[in-house]
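The values are calculated or read from the model by the stated rules, or taken from the named source; none is laboratory data. What you see is a predicted model, and the numbers here were worked out from it, not measured in a lab. Positions of Cβ are backbone-derived with ideal geometry, glycine not excepted, and every protein chain shown enters the neighbour counts. All accessible areas refer to the heavy atoms of the entire protein, side chains included, with ligands and DNA or RNA removed. Shrake-Rupley method; radii C 1.70, N 1.55, O 1.52, S 1.80 Å.
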Amino acid sequence: MELFDNHKKLFTTATLLFLLLTLFVAILPAINNQQRNRPLPNAKMLTEAEMKGKAIYISNGCVACHTQQVRNVDMDKIWGSRPSIAADYAAIHRTDLWRNTATLMGTERTGPDLTDIGTRQPGKEWNLVHLYNPRIVVKESIMPAYPWLFTIKSAPSDSDVVVNVPAAYLKSKEGKLVATKEALYLLAYLQSLKQTKLPEGNPIPEFLYKKAIKQADNNQGQQPELDGKALYTASCQSCHQENGEGLPGAFPALKGSPVVMSNNLELYVDIIMNGYDARPEFGIMSPIGTNLEWTEKEVAAIINYERTSWGNDGKKVTPDEIKKIMDLLKLKTTAQ
């Protein structure tokens, strides 16, 4: 055949075929996806500080151990309120002409998924302590420490963000631990990672969780008690610790806590749902219950676990009791 004997015609044909395949296999599908996929209506673009934080996240190789994708499997339910969809990544663009590093979806979970970390763990104090040395808040953590994101100052200024850590971790250095601007940029990026709610308000898309929905339909009328220990481990333990003793100078103890043991349930529920910032010696507690959209069942399970653990012998509560208090708190908030 003349085509195979003439190298010019052969190379020209092969090049044209390659370009044709590229058009139909890569370019046209990409254009189609771009036209069909849009960011969710409530999605927020990254601010300048958050973009700088993303660059620091990339430069420190965080994507090697952390994913940003919630799969439609049971084990991923703790990472977000729903599985990730294409619209979650539609507004994310290339870093520049030469670098992609756009979605940072990752491929390995040596550490937890960060899709919704801004909701699960929004606290400034906890995140900065964790970046300085993860072992301070999670003893079993294998995450590397990032001490170069912090500096020691003998006399911090009013504008400095001081990070309270146990003295043992400062290795006898005199002064206060202060977060650098790079640490604050990275913090801003981590706090921005929040899963956007779907427009219809349904946290479980049927096309992704048909099995789960069918199972829920079969179990209607059954209301198994929630596992308070599992909820505490997922949402509270990182600050208050597995033993309930907290961290001196950073996070208060729940073991023997007067708030946990008292009969003032309104204060207790208010702290869980709306956070707490009344004790300067401790970091600000974020409104974890509101962020995670806990119902009276989750709050009751958490309270009952905390009241009956680490030697605590407080009275258990029921979801009905908690619902009345939550309704009362909502009325107070509306009236303000």
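Miscellaneous remarks
- Residue among Thr95, Thr12, Thr47, Thr22 that alone is open to solvent by less than 60 Å² (accessible area, probe 1.4 Å) and of a type outside the set (Lys, Arg): Thr22
- Residue that is most open to solvent (accessible area, probe 1.4 Å) [pool: residues in the stretch 125-152 that are assigned to a loop (DSSP other than H, G, I, E, B) and aliphatic (A, V, I, L, M)]: Ile142
- So Asn100, is it within 26 Å of Glu245 (Cα to Cα), out of contact with any strand residue (DSSP E or B) (no Cβ under 6 Å at 6 or more places or on another chain) and either surrounded by 12 or more Cβ atoms within 10 Å (Cβ to Cβ) or not aromatic (Phe, Trp, Tyr) (or both): no
- Test: Gly244 is in a loop (DSSP other than H, G, I, E, B) and buried (at least 16 other Cβ atoms within 10 Å of the Cβ): yes
- Candidate set: the stretch 197-209, residues that are surrounded by fewer than 17 Cβ atoms within 10 Å (Cβ to Cβ) and modelled with pLDDT of 75 or more; chosen: the one nearest to Arg38 (Cα to Cα): Pro199
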